[in-house]
1. Give segment 137-161 a look and list any residue that's of a type in the set (Lys, Arg) and surrounded by fewer than 19 Cβ atoms within 10 Å (Cβ to Cβ), or say none.
2. Which members of segment 171-183 meet the condition of being touching a residue at least 24 places away in the same chain (Cβ under 8 Å) and open to solvent by 50 Å² or more (accessible area, probe 1.4 Å)?
3. I need every pair where a residue in segment 146-169 that is outside any helix (DSSP H, G or I) has its Cβ under 6 Å from the Cβ of a residue that is surrounded by 19 or more Cβ atoms within 10 Å (Cβ to Cβ) and hydrophobic (A, V, I, L, M, F, W, C), sequence separation at least 6 or different chains.
4. Against the definition (modelled with pLDDT of 90 or more and surrounded by 15 or more Cβ atoms within 10 Å (Cβ to Cβ)), how does Ala78 come out, yes or no?
5. Out of all the residues in segment 118-162, which are closer than 16 Å to Arg47 by Cα, at pLDDT 85 or above and among the acidic types (Asp, Glu)?
6. Does any residue in segment 48-65 that is farther than 20 Å from Arg35 by Cα come within less than 6 Å, Cβ to Cβ, of a residue that is of a type in the set (Ser, Thr, Tyr) six or more places away or on a different chain, and which pairs are these?
7. Could you say which residue among Ala3, Ala45, Ala55 is surrounded by 16 or more Cβ atoms within 10 Å (Cβ to Cβ), within 22 Å of Val146 (Cβ to Cβ) and at pLDDT below 90?
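The values are calculated or read from the model by the stated rules, or taken from the named source; none is laboratory data. These numbers were taken from a predicted model, which means no experiment stands behind them. Don't worry about glycine lacking a Cβ; one is built from the backbone with ideal geometry, like all the others, and counts go over all protein chains shown. Surface areas here come from the heavy atoms of the whole protein model, side chains and all, with no ligands, DNA or RNA. Shrake-Rupley method; radii C 1.70, N 1.55, O 1.52, S 1.80 Å.
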Amino acid sequence: MSAPGREPGLDDEADRWLVGMARAGDSGAYEELVRRHRDRIYRIALRMLGSPADADDVAQEVVIQLWTAMSGFAGTSAFTTWLYRIVVNRCLNHRRGQRPHAELADADHPPVAGPESRVLAGEELQAGLRAISGLPEDQRVSLVLVQLEGLSYREAAVVTKTSEATVRGRLARARATLMSEMKDWT
């Protein structure tokens with residue numbers, strides 16, 4: 001599996017090589033793996049949690065967990081598949097450990113200054129993030145992986161350890177909910 005914008009064969013091979021080196025104790029190889037994937041880790045966490053501060057916390061936890069969990073990576077799937085699973089699980093655990101947020105804090109998404117259209121766009125973005133954040137976990141995970149991260153149904157099914165049909169169903173319900181929640185913005 002490879003993420004959008006990445007060359008499938010070469011990146012997966014480079015990841016496999018770096019994982020092998022990191023498992024052998026090469027901290028430089030581990031640092032390179034983190035460098036290659038840190039934006040993806042943060043982006044998924046932000047989309048799952050809706051808060052830059054929480055996304056930072058989870059991203060740091062994932063980076064620490066990767067080092068200790070590296071020995072458990074069997075290599076039967078792409079490194080990115082394994083990484084998505086770790087990030088998604090950390091986000092779900094993080095959300096379970098917090099009280100539900102009624103609204104995203106203003107500090108998380110500063111107001112946009114400028115013409116009315118920019119202000120409205122910022123408000124629409126906040127409404128969209130709130131709507132995504134309010135989705136049930138299974139739907140939010142499918143939406144983030146397929147709709148926002150660009151994974152195929154098959155790839156998302158591997159990450160979530162479900163069937164493609166389950167991913168499709170969850171995604172359809174998430175989209176329907178978002179359409180309903182965002183109808184005032186269209």
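1. Residues of segment 137-161 of a type in the set (Lys, Arg): 140, 154, 161.
Selection gives Arg154, Lys161.
2. Answer for segment 171-183, where residues must be touching a residue at least 24 places away in the same chain (Cβ under 8 Å) and open to solvent by 50 Å² or more (accessible area, probe 1.4 Å): Arg173, Arg175, Thr177, Glu181.
3. Leu151/Leu145; Ser163/Ala157
4. On the way: modelled with pLDDT of 90 or more: no; surrounded by 15 or more Cβ atoms within 10 Å (Cβ to Cβ): yes.
It is false that Ala78 is modelled with pLDDT of 90 or more and surrounded by 15 or more Cβ atoms within 10 Å (Cβ to Cβ).
5. Glu137, Asp138, Glu149
6. Gly50/Ser133
7. Numbers: Ala45 fails: at pLDDT below 90; Ala55 fails: at pLDDT below 90.
It is Ala3.
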